[in-house]
């Protein structure tokens, strides 16, 4: 087919389109849905018995904030980079790397001195994180499918990171094991697995 | 003065048909006017300000900015379903897209395929263009994406073609019986040995006689039989290796 014919065909097919909302707007909607779901899930599945005691604990607050920041920023970064000409602002990129690095370093340093936990309990935490994070991740994929992310690997990693970080942040209110090694292996590291899964998912569903 | 002013656009009477004039009142008593080429390639346009009876030529955007501003205007109208503006846009983009591909991806042979692919992609994701942002980076990210996809696809096709060629060559080669071929080669290699070496090896390996019996039969000492056999094996190995290297 000649290029002029392609142009004629496309011009004949053109119809009004609804413009993609700004990344910030999409992110706010996504965050609202995600927080509502995480809150409802945690309320239904129950909170840890010692919540009142640990809620003032600096390590509990610090880790919860770090996981939340990672999840929220990963979602924002995914929306920003879902439009062809958009680059991730350096501030967001560095904040994301910093939050991930601090949480990993913190848990890694402390985790070497503690006994960890039984694999069965840890696996249950990873599954719990998956169940908590899956809805935000699915909503993210559906929203990104309407856009056109140029870097599918990057988008996949961000989806996996958002899933794990939001799930882990919410799980802080349900899992009463504050052992750093447990948190590192079963709350933080599943993010690596989810990131790989996210890459596969992005390559499968977000190609444009 | 920015090029993104909105106002009435009209053909210039008595001028070439692809020139148009743009007018907008920017503040009481001041009218901004732009004259630009309407057909592809878009631009350049010149911006004037008219105050009372005097006309002042104003600072104008660079060529790329002008192009981008015109393309952006067409795209906004295309997003609203204006087929004519969309056609103008796609026609105007052909040149820049072709030269971008030629400049950045000279290895692409089917350039026109990539151009068409880019136009189709642009059509499919035209809702992702935000008029508040420049048009050109959005467009060329799409072009780059399509070029990379095209190159990857070409490499995959080339690899598949090479595999298919190898399979076809294998299938076309005359069928050989490996066992018969092995015997033939063994005979050739054995024939290259000296008579005594061949006889020693035949008695030792085919007749399966002990060294003592072979020595008695050939009238040689046992150590002599071993030396002859060893020399023969070495020559056999060498001949066999040469044969396989020459295949």
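The values are calculated or read from the model by the stated rules, or taken from the named source; none is laboratory data. It should be emphasised that the depicted structure is a prediction, and the values quoted were computed from it without experimental measurement. Cβ sites come from the backbone with ideal geometry, for glycine too, and all protein chains shown count toward neighbours.
Among the residues of segment B:128-147, count how many are more than 19 Å from residue B:69 (Cβ to Cβ), facing chain A (nearest Cβ under 8 Å) and either in contact with a helix residue (DSSP H, G or I) (Cβ under 6 Å, 6 or more places away or on another chain) or not in a helix (DSSP H, G or I) (or both).
Number of matching residues: 0.
Residue A:6 - would you say it is within 14 Å of chain B (Cβ to nearest Cβ), over 27 Å from the mean Cα position of the chain (by Cα) and within 30 Å of residue B:82 (Cβ to Cβ)? So that I can check it myself, show each step before the final result.
On the way: within 14 Å of chain B (Cβ to nearest Cβ): yes; over 27 Å from the mean Cα position of the chain (by Cα): yes; within 30 Å of residue B:82 (Cβ to Cβ): yes.
Yes, satisfied.
Residues are listed down the side, and each one gets a yes or a no for (1) assigned to a helix (DSSP H, G or I); (2) within 12 Å of chain B (Cβ to nearest Cβ):
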position	(1), (2)
A:18	no, yes
A:21	no, yes
A:26	yes, yes
A:37	yes, no
A:41	yes, no
A:61	yes, no
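Could you list all residues from segment B:73-89 that are in contact (Cβ under 8 Å) with a residue 12 or more places away in the chain and at the interface with another protein chain (Cβ under 8 Å from one of its Cβ atoms)?
Result: B:78, B:79, B:86.
Just wondering, is there one or more residues in segment B:188-202 that are under 22 Å from the mean Cα position of the chain (by Cα), touching a residue at least 40 places away in the same chain (Cβ under 8 Å) and either in a loop (DSSP other than H, G, I, E, B) or within 14 Å of chain A (Cβ to nearest Cβ) (or both)?
no
Is it true that some residue in segment A:150-164 is over 13 Å from the mean Cα position of the chain (by Cα), within 14 Å of chain B (Cβ to nearest Cβ) and in contact (Cβ under 8 Å) with a residue 60 or more places away in the chain?
Scanning segment A:150-164 turns up at least one residue that is over 13 Å from the mean Cα position of the chain (by Cα), within 14 Å of chain B (Cβ to nearest Cβ) and in contact (Cβ under 8 Å) with a residue 60 or more places away in the chain.
Considering only segment B:136-178, state which residues are at pLDDT below 90 and under 19 Å from residue A:146 (Cα atoms).
none
Looking only at segment B:90-127, count every residue that is at the interface with another protein chain (Cβ under 9 Å from one of its Cβ atoms) and over 22 Å from residue B:154 (Cα atoms) and tell me the total.
Going through segment B:90-127 one residue at a time, the tally reaches 8.
If the requirement is being at pLDDT below 90, away from every other protein chain (no Cβ under 14 Å) and not in a loop (DSSP other than H, G, I, E, B), which of these qualifies: A:53, A:74?
That would be A:53, the only listed residue that is at pLDDT below 90, away from every other protein chain (no Cβ under 14 Å) and not in a loop (DSSP other than H, G, I, E, B).
Being over 30 Å from residue B:125 (Cα atoms), modelled with pLDDT of 90 or more and out of contact with any helix residue (DSSP H, G or I) (no Cβ under 6 Å at 6 or more places or on another chain) narrows it down to one of A:132, A:200, A:189, so name that one.
Answer to the check: A:189.
Please go through segment A:95-116 and give me each residue that is at pLDDT below 90 and crowded, with 17+ Cβ neighbours inside 10 Å, ordered by number.
Of everything in segment A:95-116, those that are at pLDDT below 90 and crowded, with 17+ Cβ neighbours inside 10 Å turn out to be A:106, A:107, A:111, A:116.
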